[in-house]
Amino acid sequence: MTMASGPTAPRDALRRVANERAVERIINLPLETSSFIGRSRETATIRELLASNRLVTLTGTGGGGKTRLALRVARDLASRFVDGAWWIDFSALSEPVLVPQLAASVLNVREIADEDLTGAIARHLASKQALLVLDNCEHLLEHCAALAGQMLESCPDVRILVTSREPLGITGEHVYGVPPLSLPDLDAPVSPDQLLRCESVRLFVERASAASTTFTYNEGNATAVAELCVRLDGMPLAIELGAARTRALTVQQILDRLDDRFALLTTGSRTAAARHQTLRATVDWSHNLLSEMARILFRRASVFVGGFSLEAAEAVCSGEGLERAEILHLLAGLVDKSLVIVSEVAGEARYRMLETVRHYGMERLIESGEADEMRRRHARFFCTLAEQAEPLLNGRERTTWLARHGTEEGNFRAALAWSHDAEQQDVTLRLAGSLFWFWLHSGRWGEGRRWLERALESSSERTAVRAKALFGAGFLSWTQGDEATARDRLEESVAISREVRDERGTSYALHVLSTILLGQGERERARACAEESVRLIRGQDDAFGLALALASQGAVTLSLGDVAQAKGILAESETICRARDDRWVLSLSLRLLGIAAYREGDLERADELLRESLTVLAELDSKWFVTQSIGHLAVVAAMRNDHVRATRLLGAESAMRETFGASILPYYREDFECALKRVRCGLGEERFETAWSEGRAMSPRDAIELALDTERESPSDLPAGLTPREVEVLTLVAAGLTNAQVAEKLFVSPPTVNAHLRTIYSKLGVGSRAAAVRFATEHGLV
């Protein structure tokens, strides 16, 4: 063996000794008794944090994997510390004063009488380069903080990694909240193999395979596994306990019993700490550390489903021993203790409990005898919120309020369910009626209709509140093609609204009823209802209602064959919409004007109006109305003999309509049937079936893009196949006008101008306004 010589020899020997010592110190770390799943991003982040911070605390809900994550990081880093990594587990310690003694015992520091033990530990580590892991500190917070603080002050080369359900709260601490394991998207259809990319699914499958010889992950149970992981919030302990149950139950059976999760998930490892042997014990551990006031807020806040705002917590949870002014302080404490998670939504703090934690809190709420009162307050709070927000769902801030309602969807459902079951008919009707526009705009027609029907069954009292719920139920029945039910509901809504002298409610019910009557062949009564709807709403301060009533009157008038009069009515609706920037009703008026244009033979104008309508609706994500505009653009394409494109659009429209549970409105059916005959004849059966199948296979996004594409089978005489309207837009852009100014000049919306420009850039093969203007100049277009 050749010995190293020269100046590098001492360094090599020193490095060899250091590595040997580091390997010895790894023995102090607990062994990993099961595989470590995922967490590559988290481990990398924590390593980086420890490189730049001397104290890093991992926080999170009990059972969230903090200890396993700390152990993996410590094992990865141990060899980088000359004096190794030291693991101090405080989970079994109940006396705070014994914190220094346990640390000294692990670090082999001798205890001398009358000597400050924490100071002795600090002197022992002062010259050492080591990683200190303090595990499970939440129940000994003050003393663990004192120990860590002394190490920071006296030991410059010691790094400290802490796991705790609550931060230590000392200077120099960097807090890292451990997230749940990655979860599958239940709305995205993927294969079992793709689902395994999610850490939570992978953990369940591996632990279930180890626990049960009969468990096999396959296409038959993959969806249930994914849903189970989501219902368990990606919490590692809960998933492992669930996987252990596969010895006796199928995955679907476990999922079906999850509402009683604390009785179900109890078969933990016998060698695990007591608080990790059952799911209840894990949450008990955190709950027992709370003050009495914090426990009150914790159990009361469990009434919220899917999260809550500070305002909601103050309104619902205060009173009877808990002052409103105390809520914020106590809520912050629950966040610190990892029982509540806080995030920012639309610029405001939003709080939520993991579902397992919320179930535990609800059990405590029921035990306290406060459950009914809290649910009553919760239902009334969200009923008031829905009523106050209802006008805003049809104002300039529609998109914002739809998003806010989407955030509160779980709370709305809970409030509806409780008020119905508790026979609080007034609340049920008020809340369901106020949520109609949310359900309509967000495409939740089936759910909205079910809630409205349940609310109507709960009370037969003839009030304005009932009339409004009848209107909503009738409208949603109409969108789903159930015209008989829709007519019954709307006829009753009109009758009650007249009885209680609610002209606004009468107008709303009449304008939808008019379109139903038209589809059923009662043409003159349809006209009379539409005209009365407009007349009644003109007396109200309701521009949205007037624009909508005019759109319905325009549809009825158009279908009765009076195209010129219909265009005048629809033009008024369009003017109102543009003045108040109501893009949703605008899209309806534009679509009807587009239909009027193609029925008069002006296909260019029809295409332009329908494309603008579709552009607006796509941006609003108004699914059913998007489908209608795509269908009418298909009609225009068929009339232009653009057979392949028309057939694909008709196929896409058919598939989308089936997905949403909608139907073609009767007074448009002839347009669609004529288009189908035309393209079948033009393509022949084989080519038609191919194009139809291609359309039905399209995603909604692809169908929208195809519908907005202006390419034609017949070439344009203008350069690059530009249309006259595109040249008009390009000319105005070349003159230096902004998109908004171009829109104003052409009487279209800015989104329509954007759509034109995207098409122009595509046709010209350019990517900027300047390049497009240069092309226009070179080809004599400006």
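The values are calculated or read from the model by the stated rules, or taken from the named source; none is laboratory data. From a predicted model like this one, the values you see are computed outputs, not experimental measurements. Note: ideal-geometry Cβ built from the backbone for every residue, glycine included; neighbour counts use all protein chains shown.
Structure data summary
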{"read-out": "First in the range 125-146 and within 16 Å of residue 29 (Cα to Cα) and buried (at least 23 other Cβ atoms within 10 Å of the Cβ), second anywhere and at pLDDT below 95 and of a type in the set (Ser, Thr, Tyr), Cβ under 6 Å, 6 or more apart", "value": "136/91"}
{"read-out": "Tabulated pairs, the range 57-71, first in contact (Cβ under 8 Å) with a residue 40 or more places away in the chain, second among the small types (Gly, Ala, Ser) and in a helix (DSSP H, G or I), C-beta under 8 angstrom, 6+ apart or interchain", "value": "58/70; 61/286; 62/286; 63/238"}
{"read-out": "Selection status of residue 683, of a type in the set (A, V, I, L, M), surrounded by 15 or more Cβ atoms within 10 Å (Cβ to Cβ) and under 26 Å from residue 480 (Cβ atoms)", "value": "no"}
{"read-out": "Residue in the range 549-560 that is over 18 Å from residue 394 (Cα atoms), surrounded by fewer than 17 Cβ atoms within 10 Å (Cβ to Cβ) and not polar (S, T, N, Q) present", "value": "no"}
{"read-out": "Single unsatisfied condition, residue 319 versus (1) in contact with a Ser or Thr (Cβ under 9 Å, 6 or more places away or on another chain); (2) modelled with pLDDT under 95", "value": "(1)"}
{"read-out": "Test: residue in the range 413-430 that is surrounded by fewer than 16 Cβ atoms within 10 Å (Cβ to Cβ), of a type outside the set (D, E, K, R), in a helix (DSSP H, G or I) and outside the structural domain of residue 318 (by TED's automatic domain parsing)", "value": "no"}
{"read-out": "Qualifying positions in the range 77-105 - β-branched (Val, Ile, Thr) and surrounded by fewer than 16 Cβ atoms within 10 Å (Cβ to Cβ)", "value": "97"}
{"read-out": "Looking only at the range 615-669, and only at residues there that are of a type in the set (Gly, Ala, Ser) and assigned to a loop (DSSP other than H, G, I, E, B), the one that is surrounded by the fewest Cβ atoms within 10 Å (Cβ to Cβ)", "value": "661"}
{"read-out": "Any hit, the range 462-483, residues being without any contact (Cβ under 8 Å) to a residue 24 or more places away in the chain and under 26 Å from residue 521 (Cα atoms)", "value": "yes"}
{"read-out": "Candidate set: the range 249-303, residues that are small (Gly, Ala, Ser) and modelled with pLDDT under 90; chosen: the one surrounded by the most Cβ atoms within 10 Å (Cβ to Cβ)", "value": "286"}
{"read-out": "Options 175, 225: the member that is part of a helix (DSSP H, G or I), under 29 Å from the mean Cα position of the chain (by Cα) and either surrounded by 23 or more Cβ atoms within 10 Å (Cβ to Cβ) or not hydroxyl-bearing (Ser, Thr, Tyr) (or both)", "value": "225"}
{"read-out": "Residue within the range 92-115 that is without any contact (Cβ under 8 Å) to a residue 12 or more places away in the chain and assigned to a helix (DSSP H, G or I) present", "value": "yes"}
{"read-out": "Residues satisfying the stated conditions in the range 116-125, i.e. out of contact with any strand residue (DSSP E or B) (no Cβ under 6 Å at 6 or more places or on another chain), part of a helix (DSSP H, G or I) and of a type outside the set (Gly, Ala, Ser)", "value": "117, 118, 121, 123, 124"}
